[in-house]
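A.B. asks: Quick one: the structure is below, and I'll ask about it shortly.
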Amino acid sequence: MAIAWRGSAPVAGITSGSIDGATIGASTPSSVAATTLSSTGVTALKGSITNDSAAAGNIGEFITSTVAAASAVALTTATGRDVTSISLTAGDWDVSGQVDFVLAGVTATLFQSGISLATNTLPSQAGGSGLGTDALTGVPLLTTILSATYAQGIAPVRISLAATTTVYLVAQAAFSVGTTTAYGTIRARRER
């Protein structure tokens, strides 16, 4: 330990040595894996500092589920249908997605997709169903198409969970003739 002077008074300070193998006063800081910050019980703060995935329970944890075009689910007009789902543990999550509607000989009037906590059910707008704002995306589109794929993105929605919960990617289309199927991806990133 060395004595340093601040103004006219001596101040004791540690200027050399080591703690847990890390040199005090080193010009390159050592990494710290914090799992508890204070007596309030803040835990699991470590994320990842490279191109791997953050471990389960840590900030930055990433969960995703994709249904490919070959496994698209058939839609019935004006009826919500799960495209896929994920299970999220307690915490604060940002959840987003994309639904791809495959249209074959369709006359359609409305395409909707959303992040939902209820199976086969579109969320209410805005901020309903226990979700953050804007969990529902809808596009009124009067069209007759022989064959096309229409993609609809869902912006990140905050979901704060007290217990493990299933979160659904739901698609719905209103159409009078033809067939409509849907595939897509739901993704979630732990914020805290």
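A.B. asks: I'm trying to understand the selection: among the residues of segment 59-74, which are farther than 17 Å from residue 115 by Cα and buried (at least 18 other Cβ atoms within 10 Å of the Cβ)? Before you say what the answer is, go through the steps one by one.
C.D. replies: Taking segment 59-74 as the starting set, the residues that turn out to be farther than 17 Å from residue 115 by Cα are 59-61, 68-72, 74.
Hits for segment 59-74 are 61, 72.
A.B. asks: Being open to solvent by less than 40 Å² (accessible area, probe 1.4 Å), at pLDDT below 80 and within 20 Å of residue 85 (Cβ to Cβ) is the filter; apply it to segment 97-135 and report the residue that is farthest from the chain's Cα centre (by Cα).
C.D. replies: 128
A.B. asks: Filter segment 146-163 for residues that are β-branched (Val, Ile, Thr) and open to solvent by 40 Å² or more (accessible area, probe 1.4 Å) and give the result.
C.D. replies: Within segment 146-163, 149 is the sole residue that qualifies.
A.B. asks: Something else about it: For segment 64-117, name all the residues that are part of a loop (DSSP other than H, G, I, E, B), of a type in the set (Gly, Ala, Ser) and either on the phi > 0 side of the Ramachandran plot or touching a Ser or Thr at 6+ places or on another chain (Cβ under 8 Å) (or both).
C.D. replies: Matches in segment 64-117: 72, 78, 80, 90.
A.B. asks: On to the next question. Among the residues that make up segment 46-62, is at least one of them at pLDDT 65 or above, within 30 Å of residue 152 (Cβ to Cβ) and part of a strand (DSSP E or B)?
C.D. replies: Yes, segment 46-62 contains at least one residue that is at pLDDT 65 or above, within 30 Å of residue 152 (Cβ to Cβ) and part of a strand (DSSP E or B).
A.B. asks: Evaluate the following for residue 180: is it more than 19 Å from residue 66 (Cα to Cα), modelled with pLDDT of 95 or more, polar (S, T, N, Q) and in contact with a strand residue (DSSP E or B) (Cβ under 8 Å, 6 or more places away or on another chain)? Explain how you work it out, then say what you get.
C.D. replies: Values: more than 19 Å from residue 66 (Cα to Cα): no; modelled with pLDDT of 95 or more: yes; polar (S, T, N, Q): yes; in contact with a strand residue (DSSP E or B) (Cβ under 8 Å, 6 or more places away or on another chain): yes.
Spelling it out, it is not the case that residue 180 is more than 19 Å from residue 66 (Cα to Cα), modelled with pLDDT of 95 or more, polar (S, T, N, Q) and in contact with a strand residue (DSSP E or B) (Cβ under 8 Å, 6 or more places away or on another chain).
A.B. asks: Which residues, taken from segment 164-189, are open to solvent by 10 Å² or more (accessible area, probe 1.4 Å) and within 20 Å of the chain's Cα centre (by Cα)?
C.D. replies: If the condition is that a residue be open to solvent by 10 Å² or more (accessible area, probe 1.4 Å) and within 20 Å of the chain's Cα centre (by Cα), then 164, 165, 166, 168, 183, 185, 187, 189 are the ones that fit.
The values are calculated or read from the model by the stated rules, or taken from the named source; none is laboratory data. Computed from a prediction, not measured in an experiment: that's the story for all the values here. Don't worry about glycine lacking a Cβ; one is built from the backbone with ideal geometry, like all the others, and counts go over all protein chains shown. Only protein heavy atoms, including side chains, enter the accessible area calculation; ligands, DNA and RNA are left aside. Shrake-Rupley method; radii C 1.70, N 1.55, O 1.52, S 1.80 Å.
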